[in-house]
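Below is the structure I would like to discuss, written out as structure tokens.
Please treat every number below as a calculation from the coordinates, not as lab data. From a predicted model like this one, the values you see are computed outputs, not experimental measurements. Glycine also receives a Cβ, built like all others from the backbone with ideal geometry; neighbour counts cover every protein chain displayed.
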């Protein structure tokens, strides 16, 4: 009969360790830098405002060209929401709000969606800027080798 002996400490590991997968996407807290890409079609003022905001979020740093259509549709919904609130006729805002939330979830803009997509928001310092190379005080390799031969 073989007794169950515990493994040595260096051989033990948790099977449910998900730390490697937890931070699959490290996103900068400061958001995506640069200008928002051009919208595929015309947007109203609210849609343009939302489009610029969406492209400045940290999630935008992982979006590629395949996301453009969904982001554009969500911006159009923002225009529709504004039009509905300015109109005096009754509207079906719960359905529109649910659709907007669905797009936000698919794009990772809600906290729960960001967690499911394993987005980790990090506040890392910017990498150091390149220092101007002043080559006036640097000896070339050819001159160094020449000095070794003499």
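Give me 107, 145, 101 ranked fewest to most by other Cβ atoms within 10 Å of their Cβ, as a rough exposure proxy.
145, 101, 107
Taking only C-alpha pairs under 8 Å that are 6+ residues apart, what is the relative contact order of the range 22-123 in percent?
42
Can you check what the Kirkwood hydrodynamic radius comes to for the range 22-123, Cα pairs only, in Å to one decimal?
In the range 22-123 this quantity evaluates to 14.5 Å.
Moving on to the next point. Counting other beta carbons within 10 Å of each Cβ, put 74, 83 in order, fewest first. The partial results should precede the final answer.
Numbers: 74 21, 83 12.
Result, fewest neighbours first: 83, 74.
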